[in-house]
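The values are calculated or read from the model by the stated rules, or taken from the named source; none is laboratory data. Model, not experiment: these values are computed from the prediction. Neighbour counts run over all protein chains shown; Cβ positions are idealised from the backbone, glycine included.
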Amino acid sequence: MSGSTRQGKNKVTVDNKNVDDAELLVMIADGDRDAFSQLYLRYQPKLISYCARMLRDDVAQAADIVDDALFDVWRSAGKFAGKSKPSTWIYSITRNKMISWLRKTREITLDDERTMLSMVDTAATPEEAREQDDVKQQLVRMMSHLTDEHRDVLRLTYFEDRAVKEVAAIMGISENTVKTRMFYARKRLGQMLEKAGLMHFEF
């Protein structure tokens with residue numbers, strides 16, 4: 001394990017400031033609260049800035065979403081498989097939480113997949129921005145591998161936030177057909193996301 005240590009009277013205290021993100025996640029998976037505190041301090045300010053951009057600068061709500069996302073990181077750290085960089089994984093969880101909140105409140109309609117995928121943190125380092133852009137490009141490519149019918153259903157239901165009844169009317173199909181296409185589109189996209197190590201995207 002990297003990082004310096006100092007011997008106390010009863011225990012060894014680990015300085016996590018120099019421990020990389022991947023190792024912190026391993027420690028968090030083992031229940032290390034100090035490691036989680038370090039990861040929290042490392043990411044919380046950047047994630048709040050990231051979310052606030054899509055929340056009309058509502059920093060308080062952004063902070064709530066980030067806390068919820070980082071709690072998920074605490075609970076699921078053991079599931080990080082290393083298929084993507086830790087920062088990409090953490091941003092994916094946060095983005096997923098934010099979009100879920102937006103859909104529930106219906107405060108913002110994400111009417112275009114590129115708008116939805118363009119949420120890159122301006123406060124991120126160049127490396128983190130490149131990672132986020134890579135996630136965006138991967139998802140765009142994955143969408144292109146779906147059939148036209150499945151892609152249209154996802155675009156209308158998830159990106160344009162339309163009800164099943166409305167989608168059925170637009171596409172000229174039954175509501176049951178819309179639901180069936182949604183099921184298979186989500187299943188296929190989920191398989192591609194998992195293979196790419198981005199299983200925390202929600203569709």
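Here residue 47 clears all of (1) farther than 13 Å from residue 70 by Cα; (2) within 19 Å of the chain's Cα centre (by Cα) except the condition numbered (1). Restricting attention to segment 176-203 and to residues that are at pLDDT 80 or above and surrounded by fewer than 14 Cβ atoms within 10 Å (Cβ to Cβ), the residue that is nearest to residue 92 (Cα to Cα) turns out to be 191. Mind checking which helices (runs of 4 or more DSSP H) fall wholly inside segment 1-117 and carry at least 2 residues that are modelled with pLDDT of 85 or more and among the polar types (S, T, N, Q)? Of the helices (runs of 4 or more DSSP H) lying wholly inside segment 1-117, those with at least 2 residues that are modelled with pLDDT of 85 or more and among the polar types (S, T, N, Q) span 33-52, 59-76, 86-105.
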